[in-house]
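Inspection log for the structure reproduced underneath, given as structure tokens.
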Amino acid sequence: MKIIKFGGSSIANPDSIKQVFSIIQDKLKRQEIAVIFSAFGGVTETLLTIAKMAREGDQVYRDLLQTLEEKHLDMVRQLIAVQNQSTVMTYVKVRFNELEDLFHGIYLIKENSPRTLDYVVSFGERLSAFILSEALTAKGVKSRFLDAREVIRTNDRFGQARVDFEKTNALIRQYFLNYDGVKVITGFIASTDKGETTTLGRSGSDYTAAIFASALEADDLEIWTDVSGVLTSDPNLVYTAFTIPQLSYNEAMELSHFGAKVIFPATMQPAMKRNIPIRIKNTFEPENAGTLINGDVTNGPLIKGISSMSNISIVTVQGAALLDGTAGSRVFKALSEAKVNIVLISQASSEHSICLAIKTSEAYLAKEVIEQEFFYEIKSNEMEEVSLLHGYSTIAVVGENMKQNPGASGRMFRALGRNNINVAAIAQGSSELNISAVIPQPDLQKALNALHEAFFLSENKVLHVFLVGTGLIGKALMRMIAIQQAKLREESELDIQIHGLANSRFMAFHEDGFDLKAGYDLSEKDQKMDMEKFVRQMEEMNFSNSVFVDCTASQEVADAYPRVLGAKVAIVTPNKKANSGTMEQYLELKKLAKKRGVKFLYETNVAAGLPVINTLQDLMLSGDKVIRIEAVLSGSMNFIFSELEKGDPFSEVVKSAKEKGFTEPDPRDDLSGMDVARKILILGREAEQRLEFEDITVQSMVPEDCQSAESVQEFFEKLKGHDKGFADLLKTAEAKGEKLRFMATLENGKAKVGLNSLPASHPFSNLSGSDNMILLTTERYLDRPMIIRGPGAGADVTAAGVFADVIRIGNYTRE
Ligand code: ADP
Ligand code: ASP
Ligand code: MG
């Protein structure tokens, strides 16, 4: 005998029911089965909503009831041919008449006791199982509807009744002896000896199935749902969660007890007693093996899964009275009598306080009953009033192997700490099967992902990128990531995903990461760009290991860095704006990044992808001191002055540089030397010198009258007037065998930027084209400076430098 259970999610609509029927028919070919059904998807919830509305006097409940009836009638119409519908139509209509009377009663007397509610929700399973049993019969499967209230006996703890197994087992066995055919059974519901309807707890149909499996000593139990088994974490919160192939009964119990909704915690007990294997299968992917739950405790991974529960409050009981040995047990007794479920207890041995995690919906009751119990102690100040803190979640990592292998808690709290998640309370079950922690609810998703990565994907570190600026550099970066993604995954165990994209006009987000191969063009269909909102969205997505990549030159974006770092998101950028502001801002950003435990990398602020900033930082870290920096930091200026040597007039050379795309749209932005000044400012600061922009002497190459030109065209006109001046400069230099180079120098805490005439032996003299060159003279590189040379501008080399910084962050965030 095989027991098969289908949850509400498997029977939410006629299409999925057809799928369910084909699974049943397939099983029937091989062996004897009995089937348990939940209510149709969403029905239990709707019945509870209607009951609540009726009790509150909201007449709209009638509309909801009508819709619910229509839904059931529609199921009948779609599943059963007209000529076979009459019995079942009558059944449905009679049930809805009963429900109408029932809700009218609730409406009049405004009463909704757990007893009444159990009766109300029992209609859900009775309707679904009856309709489906008739539908199966109509398909030629000889089936028999069984209302489980006939055979499952419980006490009268309505809403969460306890099963009397002795009576129940006997009744089930007798029933199966008396009747043949495939039993189609209601999940979830049962009855007391007096015939009152009870339920086994929300989601209790799984348990019903286990009760039948155990009474009938079934060979196995299959629970069919809408996911492929028990996953390593809730797939709604952790997108990379995957199926756990095997769990021990205890592991499954622990995972579900701490929030894995996919299976009801009590299900495992009856199955474990008779060693009946449980399989969790996916109705919509039947070929997937799903999860096997049995008695095996194998040498599998350190932990099997991570579960969580939200809407938790921290209830703290404290005071001298607790030092008395019996106080603790009085707390637990008071809570147990009030049927308050304690999710987690943590008690410090040195302190006289007990900290309890309790569902927020039960927290006020908990406070009330504990304060009642300690009425006199509170009055005499031996105990404080019970304090409540709301807005928490619990997370639990579960696995039998933690017993033998230490290190799980270390890994867990390191991952939480690294992501700046505050842990409010910690507990380890005495079975050492689980370690749980209470954390602020807003951090839940981030915490789960961080733990999931630390335990299951530690070989594969995921970096979540948010990219602002989709111009030449941004686009080149996306292309590079797309090309390298697979290789990085395989060889560097690094998975880079882009979750947010923005340009100056639009922004878009993708939970699972944009498909980079397909590319993504921002357009009107996307949200309007708003830096505030962009940062907020990053915060809300709350991934662990997030990186904000700024490929703009925008001051506004740079102004958002403090908030980005504040949200514990790393920054990578070629945008110089932030680092070339005031010294104080520069230091503040560094301090903030450090405080938040995230990186702020900007190798491409100077000389694109050339390793200038990293090199300087390494030198400083290893105790070297910078004596002098000389640098050609503007590819456009170098191009202009090395071209000038060919004899063309200055204005023509500038024009051709502009045409080749080597200058800014207005060449004055290059000729002014401001850009170079910002770069030497940053290099100076990296060399640990306190430098402000005003400390730099800048010699502009824009003649005064050209400065005031209104348009670029006018500027070129006026520039012609200076061709001779530049030609003379060149002549004078050449006469001395020297070359003209536009460069920056930093020495003795002073920086200057301007045109220099250099001897032929100077390394800059043979620098041609748009290359950059940086000479670092330090205490260690004294006689011959360190030289860094290469293309210092261009989208591809800049993007490559940005990419390298992103990868660096991936390596930093490794454990
Ligand atoms: P059913 O209607 O079949 O009883 P449930 O909705 O009760 O289905 O349970 C299945 C759902 O449980 C999944 O769709 C998933 O959203 C949720 N879930 C939460 N945690 C887990 C987990 N660790 N593994 C699988 N599913 C989980
Ligand atoms: N229908 C019930 C519920 O929604 C029982 C179940 O689905 O297992 O709680
Ligand atoms: Mg369920």
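Within region 236-250, take every residue that is in a loop (DSSP other than H, G, I, E, B) and in contact (Cβ under 8 Å) with a residue 24 or more places away in the chain and give me the one that is surrounded by the most Cβ atoms within 10 Å (Cβ to Cβ). I'd like the intermediate steps shown before the answer.
Taking region 236-250 and keeping what is in a loop (DSSP other than H, G, I, E, B), we get 236-242, 244-245.
With the extra rule that they be in contact (Cβ under 8 Å) with a residue 24 or more places away in the chain, the set shrinks to 237-242, 244-245.
Values: 237: 17, 238: 21, 239: 16, 240: 17, 241: 21, 242: 15, 244: 27, 245: 13.
Result: 244.
Kindly indicate whether residue 55 is open to solvent by 30 Å² or more (accessible area, probe 1.4 Å) and either of a type in the set (S, T, N, Q) or over 30 Å from residue 222 (Cβ atoms) (or both).
Numbers: open to solvent by 30 Å² or more (accessible area, probe 1.4 Å): yes; either of a type in the set (S, T, N, Q) or over 30 Å from residue 222 (Cβ atoms) (or both): yes.
The answer is yes for residue 55.
Can you name every residue in region 621-641 that is in contact (Cβ under 8 Å) with a residue 60 or more places away in the chain and surrounded by fewer than 21 Cβ atoms within 10 Å (Cβ to Cβ)?
Hits for region 621-641 are 624, 625, 627, 628.
Pairs needed: first member in region 659-680, buried (at least 22 other Cβ atoms within 10 Å of the Cβ); second member anywhere, of a type in the set (Val, Ile, Thr) and part of a loop (DSSP other than H, G, I, E, B); C-beta distance under 8 Å; at least 6 residues apart or different chains.
Going by the 8 Å Cβ cut-off, the qualifying pairs are 670/663; 671/702; 679/606.
For every residue, the table says whether it meets (1) part of a strand (DSSP E or B); (2) over 26 Å from residue 617 (Cβ atoms); (3) at pLDDT 90 or above.
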{"position": "744", "(1), (2), (3)": "yes, no, yes"}
{"position": "752", "(1), (2), (3)": "yes, no, yes"}
{"position": "761", "(1), (2), (3)": "no, yes, yes"}
{"position": "768", "(1), (2), (3)": "no, yes, no"}
{"position": "781", "(1), (2), (3)": "no, no, yes"}
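Taking the residues in region 696-730 that are open to solvent by 60 Å² or more (accessible area, probe 1.4 Å) and in contact with a Leu (Cβ under 8 Å, 6 or more places away or on another chain) as candidates, determine which candidate is nearest to residue 645 (Cα to Cα).
That would be 729.
Would you point out which residue out of 197, 186, 168 is more than 13 Å from ligand 1 (Cβ to nearest atom), within 19 Å of residue 146 (Cβ to Cβ), open to solvent by 10 Å² or more (accessible area, probe 1.4 Å) and among the hydroxyl-bearing types (Ser, Thr, Tyr)?
Working: 186 fails: open to solvent by 10 Å² or more (accessible area, probe 1.4 Å); 168 fails: open to solvent by 10 Å² or more (accessible area, probe 1.4 Å).
After applying the criteria, what remains is 197.
Only residues that are touching a residue at least 40 places away in the same chain (Cβ under 8 Å) and hydroxyl-bearing (Ser, Thr, Tyr): list them for region 406-417, please.
none
Output the helices (runs of 4 or more DSSP H) that fall wholly within region 467-582 and possess 3 or more residues being open to solvent by less than 50 Å² (accessible area, probe 1.4 Å) and more than 18 Å from residue 802 (Cβ to Cβ), or say none. Please lay out each step first, then the result.
Values: elements: 472-491, 531-541, 555-559, 561-566.
The helices (runs of 4 or more DSSP H) meeting that bar are 531-541.
Go through region 272-293 residue by residue and tally those that are of a type in the set (A, V, I, L, M, F, W, C), within 29 Å of the chain's Cα centre (by Cα) and not in a loop (DSSP other than H, G, I, E, B).
Quick first cut of region 272-293, residues of a type in the set (A, V, I, L, M, F, W, C) only: 272, 276, 278, 280, 284, 289, 292-293.
Next, from what is left, pick out any that are within 29 Å of the chain's Cα centre (by Cα): 280, 284, 289, 292-293.
Narrowing further to those that are not in a loop (DSSP other than H, G, I, E, B): 280, 292-293.
The total comes to 3.
List, please: which pairs have Cβ atoms under 6 Å, are six or more places apart or on different chains, and start with a residue in region 690-701 that is in contact (Cβ under 8 Å) with a residue 40 or more places away in the chain and end with one that is open to solvent by less than 90 Å² (accessible area, probe 1.4 Å) and among the β-branched types (Val, Ile, Thr)?
Here the result reads 698/753, each pair linking region 690-701 to a residue that is open to solvent by less than 90 Å² (accessible area, probe 1.4 Å) and among the β-branched types (Val, Ile, Thr).
Looking at region 280-296, is at least one residue of a type outside the set (Phe, Trp, Tyr), touching a residue at least 12 places away in the same chain (Cβ under 8 Å), surrounded by 22 or more Cβ atoms within 10 Å (Cβ to Cβ) and away from ligand 3 (no atom under 16 Å from the Cβ)?
No.
If you take the residues of region 200-230 that are under 14 Å from residue 256 (Cβ atoms) and part of a strand (DSSP E or B), which of them is most open to solvent (accessible area, probe 1.4 Å)?
225
Tell me which residues, restricted to region 38-61, are within 9 Å of ligand 2 (Cβ to nearest atom) and hydroxyl-bearing (Ser, Thr, Tyr).
If the condition is that a residue be within 9 Å of ligand 2 (Cβ to nearest atom) and hydroxyl-bearing (Ser, Thr, Tyr), then 38, 44 are the ones that fit.
Can you work out which of the residues in region 521-544 that are touching a strand residue (DSSP E or B) at 6+ places or on another chain (Cβ under 9 Å) and free of Cβ contacts under 8 Å to residues at least 24 places away in the same chain is nearest to residue 468 (Cα to Cα)?
Here the residue is 530.
Filtering region 371-418 down to residues that are hydrophobic (A, V, I, L, M, F, W, C) and part of a helix (DSSP H, G or I), which residue is modelled with the lowest pLDDT? Please lay out each step first, then the result.
Initially, region 371-418 is screened for residues hydrophobic (A, V, I, L, M, F, W, C), giving 374-375, 378, 383, 386, 388-389, 395-398, 402, 408, 412-413, 415-416.
Checking the rest, the ones that are also part of a helix (DSSP H, G or I) come to 375, 378, 402, 408, 412-413, 415-416.
Details: 375: 95, 378: 94, 402: 87, 408: 84, 412: 91, 413: 91, 415: 89, 416: 91.
Selected residue: 408.
Six or more apart or on different chains, Cβ atoms under 6 Å: show the pairs whose first residue is in region 418-431 and at positive phi and whose second is crowded, with 19+ Cβ neighbours inside 10 Å.
If the second residue must be crowded, with 19+ Cβ neighbours inside 10 Å, the pairs left are 420/568.
Say we look at region 257-271 and pick out the residues that are within 15 Å of residue 292 (Cβ to Cβ) and assigned to a helix (DSSP H, G or I); which of these is nearest to ligand 1 (Cβ to nearest atom)? Explain how you work it out, then say what you get.
Initially, region 257-271 is screened for residues within 15 Å of residue 292 (Cβ to Cβ), giving 262-263, 267-268, 271.
The next check asks that each one be assigned to a helix (DSSP H, G or I); those that pass are 267-268, 271.
Values: 267: 11, 268: 15, 271: 16 Å.
The residue in question is 267.
Would you check if residue 436 is out of contact with any Asp or Glu (no Cβ under 9 Å at 6 or more places or on another chain), open to solvent by less than 10 Å² (accessible area, probe 1.4 Å), part of a strand (DSSP E or B) and within 22 Å of residue 261 (Cα to Cα)?
Working: out of contact with any Asp or Glu (no Cβ under 9 Å at 6 or more places or on another chain): yes; open to solvent by less than 10 Å² (accessible area, probe 1.4 Å): yes; part of a strand (DSSP E or B): yes; within 22 Å of residue 261 (Cα to Cα): yes.
Considered against the rule, which asks whether it is out of contact with any Asp or Glu (no Cβ under 9 Å at 6 or more places or on another chain), open to solvent by less than 10 Å² (accessible area, probe 1.4 Å), part of a strand (DSSP E or B) and within 22 Å of residue 261 (Cα to Cα), residue 436 comes out as yes.
With respect to the numbered conditions (1) surrounded by fewer than 17 Cβ atoms within 10 Å (Cβ to Cβ); (2) touching a Ser or Thr at 6+ places or on another chain (Cβ under 8 Å), which one is the sole condition not fulfilled by residue 233?
(1)
Suppose the filter is in contact with a strand residue (DSSP E or B) (Cβ under 7 Å, 6 or more places away or on another chain), within 16 Å of ligand 2 (Cβ to nearest atom) and open to solvent by less than 70 Å² (accessible area, probe 1.4 Å); does residue 35 pass it?
Details: in contact with a strand residue (DSSP E or B) (Cβ under 7 Å, 6 or more places away or on another chain): yes; within 16 Å of ligand 2 (Cβ to nearest atom): yes; open to solvent by less than 70 Å² (accessible area, probe 1.4 Å): yes.
Judged against the criteria, residue 35 is a match.
Scan region 224-241 for residues that are within 16 Å of ligand 3 (Cβ to nearest atom) and in contact with a helix residue (DSSP H, G or I) (Cβ under 8 Å, 6 or more places away or on another chain) and report the count.
Pass one, region 224-241, residues within 16 Å of ligand 3 (Cβ to nearest atom): 224-231, 234-236.
Then drop every residue that is not in contact with a helix residue (DSSP H, G or I) (Cβ under 8 Å, 6 or more places away or on another chain), which leaves 224-226, 230, 234.
Selection size over region 224-241: 5.
Determine, yes or no, whether residue 417 is out of contact with any His (no Cβ under 7 Å at 6 or more places or on another chain) and under 22 Å from residue 498 (Cβ atoms). Explain how you work it out, then say what you get.
Details: out of contact with any His (no Cβ under 7 Å at 6 or more places or on another chain): yes; under 22 Å from residue 498 (Cβ atoms): no.
Answer is no for this residue.
Kindly indicate the residue of region 3-32 that is open to solvent by 20 Å² or more (accessible area, probe 1.4 Å) and of a type in the set (D, E, K, R) and also nearest to the chain's Cα centre (by Cα) among those meeting that condition.
Restricting attention to region 3-32, the residues satisfying the condition of being open to solvent by 20 Å² or more (accessible area, probe 1.4 Å) are 9, 12-15, 18-19, 22, 25-32.
Applying the additional criterion that residues be of a type in the set (D, E, K, R) yields 15, 18, 26-27, 29-30, 32.
Values: 15: 32, 18: 35, 26: 39, 27: 39, 29: 44, 30: 43, 32: 44 Å.
Among them, the one singled out is 15.
Check 123, 130 and return the single one that is part of a helix (DSSP H, G or I) and in contact with a strand residue (DSSP E or B) (Cβ under 9 Å, 6 or more places away or on another chain). Steps first, please.
Numbers: 123 fails: in contact with a strand residue (DSSP E or B) (Cβ under 9 Å, 6 or more places away or on another chain).
From the options 123, 130, the qualifying one is 130.
The values are calculated or read from the model by the stated rules, or taken from the named source; none is laboratory data. Just so you know, these numbers come straight off a predicted model, no measurement behind them. For neighbour counting, all protein chains shown are included, and Cβ atoms are generated from backbone atoms with ideal geometry for every residue, glycine included. These accessible areas exclude ligands, DNA and RNA; they are computed on the full protein's heavy atoms, side chains included. Shrake-Rupley method; radii C 1.70, N 1.55, O 1.52, S 1.80 Å.
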